[in-house]
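Colleague: Handing you this structure, nothing more for now.
Nothing in this text is a laboratory measurement; each read-out follows from the coordinates by a stated rule. Computed from a predicted structure; not experimentally measured. Don't worry about glycine lacking a Cβ; one is built from the backbone with ideal geometry, like all the others, and counts go over all protein chains shown.
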Amino acid sequence: MTELYKVSIGTARRAIVELRRRELVATLPAKGTYVIGAPEATSSEPNDGETA
């Protein structure tokens, strides 16, 4: 991640901690970190063409 996104290891670790806090990823010892959920939609995201 550090090379791909050009960020420090500390930044990458903080991002993983935040994703884990939001229950979007799970880290399994000796296995890796896996996506387990998708972020919930917020009111600022497009609504697929629906009008209010």
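Colleague: Output wanted: per-residue J couplings in Hz (rounded whole) for the range 14-26, from phi through Karplus 6.51 cos²θ - 1.76 cosθ + 1.60, θ = phi - 60°, x for Gly and Pro.
Modeller: Once rounded to whole Hz, the list reads 4, 5, 5, 4, 5, 5, 5, 4, 7, 6, 9, 9, 10.
Colleague: Okay, next question. Highest mean first, how do 8-18, 28-38 rank when packing is the count of other Cβ atoms within 10 Å averaged over residues? Mind dumping the intermediate values first?
Modeller: Working: 8-18: 11.8, 28-38: 8.5.
For the peptides 8-18, 28-38, the packing ranking is 8-18, 28-38.
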